[in-house]
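*Asks:* Sharing a structure below in structure tokens format, with a few things to ask.
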Amino acid sequence: MIVAFCMALLTVAALLVWVSAASENRGLIERANTRIFVCTETGRSFPHRWQEGEEEPIESPFTGRPTAWLAEQCYWTRDGRAKRTPTYVVVKERLGLKEKTFCPDCGREVVSHNPMPPEELFRSAE
Ligand SMILES: [Zn+2]
């Protein structure tokens, strides 16, 4: 009788662990799919969960029309240091323009999969 009770208890415990792990994973996946988009008409950025098969430009909540593009993140400051809150920049190449893109904040060139500043700069980041 006691053995059966323990078995039941263990089953419940295992189930709880499994359920919480599963929901944690789901949270991670949702966060991973959330990207920052910039509405090129208003210049405002917003998070958006990227859906399979979705194509840019996506609908911007600011214009109600497809005017938003996936943004790159620039973590540089004008004086060559790192910052924790990035500036979101749409690379012109994404818009089909053969031009270089420069960050409006620090003036550095921004490219697709924009590289982060080196780790040591983040230690003294603002
Ligand atoms: Zn910048």
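Bear in mind these aren't lab numbers, they're just calculated from the coordinates by the rules spelled out. Only a predicted model underlies this, so the values are computations on that prediction, with no experimental measurement involved. Note that each Cβ is placed from the backbone with ideal geometry, even for glycine, and that neighbours are counted across all protein chains shown.
*Asks:* For the stretch 86-99, what does the Karplus curve 6.51 cos²θ - 1.76 cosθ + 1.60, with θ = phi - 60°, yield as ³J(HN,Hα) per residue in whole Hz, taken in order and with x for Gly and Pro?
*Replies:* Working through the residues one at a time gives x, 8, 9, 10, 8, 6, 4, 4, 4, 8, x, 9, 8, 10 Hz.
*Asks:* Please work out the FRET efficiency for the pair ARG84 and GLU56, using the Cβ-Cβ distance as r and a Förster radius of 22 Å; give the result to the nearest 0.05.
*Replies:* Numbers: r = 27 Å, r/R0 = 1.22.
The formula returns an efficiency of 0.25 here.
*Asks:* Residues with amide H under 5 Å of VAL91's amide H, sequence separation 5 or more or different chain, H placed in the peptide plane at 1.01 Å from N; which?
*Replies:* Hits under the 5 Å cutoff: GLU72.
*Asks:* From the phi of every residue in the stretch 115-126, what ³J(HN,Hα) in whole Hz does the Karplus formula 6.51 cos²θ - 1.76 cosθ + 1.60 yield, where θ is phi - 60° and glycine or proline is x?
*Replies:* Ordered by residue, 3J(HN,Hα) equals x, 7, x, x, 3, 5, 6, 6, 5, 10, 5, 6 Hz.
*Asks:* Over all directions, what mean area does the Cα convex hull of the stretch 38-91 project, stated in square nanometres? Spell out each step's value before the answer.
*Replies:* Details: hull surface 17.2 nm².
That works out to 4.3 nm², a quarter of the Cα hull's surface.
*Asks:* Moving to a separate point now. Under the Karplus relation 6.51 cos²θ - 1.76 cosθ + 1.60, θ = phi - 60°, what is the ordered set of whole-Hz ³J(HN,Hα) values for the stretch 60-76, x standing for Gly and Pro?
*Replies:* Calculated HN-Hα couplings, in order: 8, x, 8, 10, x, 10, x, 10, 10, 10, 4, 9, 8, 10, 10, 9, 9 Hz.
*Asks:* Tally Lys/Arg at +1 and Asp/Glu at -1 over every other residue whose Cβ is under 12 Å from the Cβ of THR77; what's the total? List each step's numbers first, then the result.
*Replies:* Details: positive: ARG78, ARG81, LYS83, ARG84, ARG108; negative: ASP79, ASP105, GLU126.
Cβ neighbours under 12 Å give a net charge of +2.
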